[in-house]
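The structure's right below; bear with me while I get my questions together.
The values are calculated or read from the model by the stated rules, or taken from the named source; none is laboratory data. Note that the structure is a prediction, hence the values are computed from the model and not measured. Heads up, the Cβs are rebuilt from the backbone with ideal geometry, glycines too, and the neighbour counts pull from every protein chain shown. The protein model used for the area step is the full one, side chains on, heavy atoms only, and it has no ligands, DNA or RNA in it. Shrake-Rupley method; radii C 1.70, N 1.55, O 1.52, S 1.80 Å.
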Amino acid sequence: NCDHCGCCGIHRFSLLLGGVMKSATSFSRSGTSDWLAQRVSAVILAVYFVVIVGWLLLAGEVSYEAWHSFMTCTAMKVFTLLALLSLAAHSWVGLWTVTTDYITTRQMGASANFLRLIVQIGMALVIFVYVVWGIMILWGN
């Protein structure tokens, strides 16, 4: 019997989901790898920002033609792809951390694990669409 939530089946399912979600939805196998991915992706994004702002400051008059030639050179396309993938990894680790910290059974009851799973699936879909759309824009015609 489960006096904790009033419904043994829901509570057991919630506990099962909790164990599965800790291993299935984190970005990597360890917190250290997630921490490192977060820091490396932040550095890549910061460097990308500095390059873009530096170009804007040093380019003089910015026209469509100048911006187009800057952004379509192969090195910048590869750097933009790296920044896009870094943004996806950075946002996944950050949002996964927030959802596992704040959508908990202690704060929300037995349904928290299911809700967290739904939120994380939604986040994963949005990040996936963002990356695919970014690649289409970057490498499409």
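Checking GLY134 against (1) assigned to a helix (DSSP H, G or I); (2) over 18 Å from ILE44 (Cα atoms); (3) without any contact (Cβ under 8 Å) to a residue 60 or more places away in the chain: exactly one of these is not met. Which one?
Among (1) assigned to a helix (DSSP H, G or I); (2) over 18 Å from ILE44 (Cα atoms); (3) without any contact (Cβ under 8 Å) to a residue 60 or more places away in the chain, the lone unmet condition for GLY134 is (2).
Could you list, in sequence order, all residues of segment 104-131 that are over 22 Å from SER91 (Cα atoms) and either of a type in the set (Phe, Trp, Tyr) or outside any helix (DSSP H, G or I) (or both)?
GLY109, ALA110, SER111
Output the residue which, of all residues in segment 83-139 that are open to solvent by 40 Å² or more (accessible area, probe 1.4 Å) and of a type in the set (Gly, Ala, Ser), is nearest to ARG39 (Cα to Cα).
Filtering segment 83-139 for residues that are open to solvent by 40 Å² or more (accessible area, probe 1.4 Å) and of a type in the set (Gly, Ala, Ser), the one nearest to ARG39 (Cα to Cα) comes out as ALA124.
Within the bounds of segment 8-28, is there any residue that is β-branched (Val, Ile, Thr) and modelled with pLDDT of 95 or more?
No, because not a single residue in segment 8-28 is β-branched (Val, Ile, Thr) and modelled with pLDDT of 95 or more.
Based on this model, can you work out whether VAL43 counts as open to solvent by less than 80 Å² (accessible area, probe 1.4 Å), out of contact with any His (no Cβ under 6 Å at 6 or more places or on another chain) and part of a helix (DSSP H, G or I)?
no
Regarding GLY54, is this residue more than 15 Å from the chain's Cα centre (by Cα), in a loop (DSSP other than H, G, I, E, B), surrounded by fewer than 16 Cβ atoms within 10 Å (Cβ to Cβ) and of a type in the set (Gly, Ala, Ser)?
Spelling it out, it is not the case that GLY54 is more than 15 Å from the chain's Cα centre (by Cα), in a loop (DSSP other than H, G, I, E, B), surrounded by fewer than 16 Cβ atoms within 10 Å (Cβ to Cβ) and of a type in the set (Gly, Ala, Ser).
Name the residues in segment 57-73 that are within 29 Å of the chain's Cα centre (by Cα) and polar (S, T, N, Q), would you?
Initially, segment 57-73 is screened for residues within 29 Å of the chain's Cα centre (by Cα), giving 67-68, 70-73.
Listed by number, the list holds a single entry, THR72.
Only one of (1) on the phi < 0 side of the Ramachandran plot; (2) in a loop (DSSP other than H, G, I, E, B) is not met by MET71, so which one is it?
Every listed condition holds for MET71 apart from (2).
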